[in-house]
Amino acid sequence: MTVIVGDDGLARCPWATTHPLNTAYHDGEWGRPVHGEQALYERICLEAFQAGLSWLTILAKRTAFRAAFAGFDPQVVAGFGNRDVERLLADTGIVRNRAKIQAAITNAGATLALREHGGLDRLIWSHRSTTTLRPRTAAEVPASTPASKALAGVLRTRGFVFVGPTTVHALMEAVGLVDTHLVGCHRRGPAGR
């Protein structure tokens, strides 16, 4: 499927036309550079929670996720204990999956540990793709790349969990490390048109 032109005359990636939340996320956030420990930690958590679900589910619950996870402050989340896990498992506003909740807590600790090694921002952005993809259809967008495999491996060696190559590729797309907007999409970066 190629880009779809909306009623507003703008061409978008097909997934962005399925719901107003997807459209707003696509136009205002997805693929734009994201920096900062807390913002990147949040994206890692949300991508992990999304595994096996639609991104729309995560977008619809994002406000609740932020409230439940203390604004994704890794300092706070790293201190979550069993009571917090049980509280989160009872929170109907978020995805209630014990393994994913535990991953968010584990990844908060790993984020804090990275501070001694330049920090999460530096680590993630050191894996910015040097290859510009030029997908014309959604089928041409890879689920993972050598760059996402490499970053996933480094994250795992640093103690992160729920960071496989597919999840990390989605993270890389979301935070602007790689541009997978389809050719013709109004949000595609100038170098990749």
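We did not get these values from a lab; they are worked out from the coordinates using the rules stated. Because the structure is predicted, anything quoted here is derived from the model rather than measured. Neighbour counts run over all protein chains shown; Cβ positions are idealised from the backbone, glycine included.
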What is the chain's relative contact order, in percent, from Cα pairs under 8 angstrom and six or more apart in sequence?
-> 31
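Could I get the Rg over Rh figure for segment 4-192? Both from C-alpha atoms, Rh via Kirkwood, rounded to two places. Before the final figure, lay out the partial values.
On the way: Rg = 16.6 Å, Rh = 17.1 Å.
Computed over Cα atoms, the ratio is 0.97.
Would you please put 137-146, 64-73, 29-38 in order of how densely packed they are, using the mean number of other Cβ atoms within 10 angstrom per residue and starting with the highest? Display every interim value, and only then the final one.
Details: 137-146: 13.5, 64-73: 17.4, 29-38: 15.5.
Top to bottom by mean Cβ count within 10 Å: 64-73, 29-38, 137-146.
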What nm distance separates the two modelled labels at THR2 and THR92, each placed 7 Å from Cα along Cα→Cβ?
-> 4.6
Any idea which of CYS185, THR111, VAL141 is furthest toward the positive side of the dipole for the chain, if Lys and Arg beta-carbons carry +1 and Asp and Glu beta-carbons -1?
-> VAL141
At R0 = 30 Å the Cβ-Cβ FRET efficiency linking HIS117 and ALA64, nearest 0.05, sits at 0.40
For segment 1-103, what is the charge dipole size about the Cα centre, in debye to the nearest 20, if Lys and Arg each add +1 at the Cβ and Asp and Glu each add -1 at the Cβ?
-> 320
Taking 7 Å along the Cα-to-C-beta vector as the label spot, tell me the SER144-THR132 distance in nanometres, rounded to one decimal.
-> 2.7
Counted charge near ALA174, where neighbours are those whose Cβ lies closer than 11 Å (Asp, Glu -1; Lys, Arg +1) | -2
On a 0 to 90 degree scale, rounded to 10, what angle separates helix 37-50 from the longest Cα axis of the chain?
-> 80
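For segment 4-192, give the magnitude of the charge dipole about the Cα centre (Cβ charges: +1 Lys/Arg, -1 Asp/Glu; no others), in debye to the nearest 20.
Details: 21 positive and 16 negative charges, 67 e Å.
Dipole size: approximately 320 debye.
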